[in-house]
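Notes follow the structure.
What follows draws every value from the coordinates through simple rules; no lab data is involved. Being a predicted model, the structure only gives us computed values, none of them experimental. So basically every Cβ, Gly included, is an ideal-geometry build from the backbone, and we count neighbours across all protein chains shown.
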Amino acid sequence: MSKKEYSRYQKTVISGYYENLDTIMLQKLGELVTELYLADTRAKQDRLWQRANKAMTKLKIPPALIDHIMEKRSVEILAKNLQDWSGNKKK
C-alpha cells in the first residue's frame, strides 16, 4: 500500500485536530454527560458509558480514576470530574 500524500491544507487541518484533541474530548464528554442524564434505556446508557470510557482514555485520565467512574456509573461523579478537568485545561 502506498503512502497517502496530503495537501498542505489537509496537513494543517490534521495538525489542528491533534493539537486540540484534549479540548475536543472534553467537549465530547460534556455532551455525553447530557446524553447520559437523558438516556431512557439501559442499553443506551451502556453504549454512552462505553463512549465515555474511550473519551477518558484518549484524555489520558489515570486508569484508576476511569475504573472508579466506570464502576460507579454515576453521571454526577463524571460531571464533577469533567468540571475539574475542564478547569485544569483552561489554566
Considering the range 2-54, residues that are acidic (Asp, Glu) and in contact with a helix residue (DSSP H, G or I) (Cβ under 9 Å, 6 or more places away or on another chain), and then whichever is farthest from GLN83 (Cα to Cα), we arrive at GLU35
The condition of being surrounded by 13 or more Cβ atoms within 10 Å (Cβ to Cβ), of a type outside the set (Asp, Glu), part of a helix (DSSP H, G or I) and under 11 Å from the mean Cα position of the chain (by Cα) holds, among ALA79, ALA55, only for ALA55
Residues of the range 1-52 being more than 14 Å from the chain's Cα centre (by Cα), of a type in the set (S, T, N, Q) and not in a helix (DSSP H, G or I), in sequence order, are SER2, SER7, THR41
Restricting attention to the range 35-46, the residues that are of a type outside the set (Gly, Ala, Ser) and surrounded by 13 or more Cβ atoms within 10 Å (Cβ to Cβ) number exactly 4
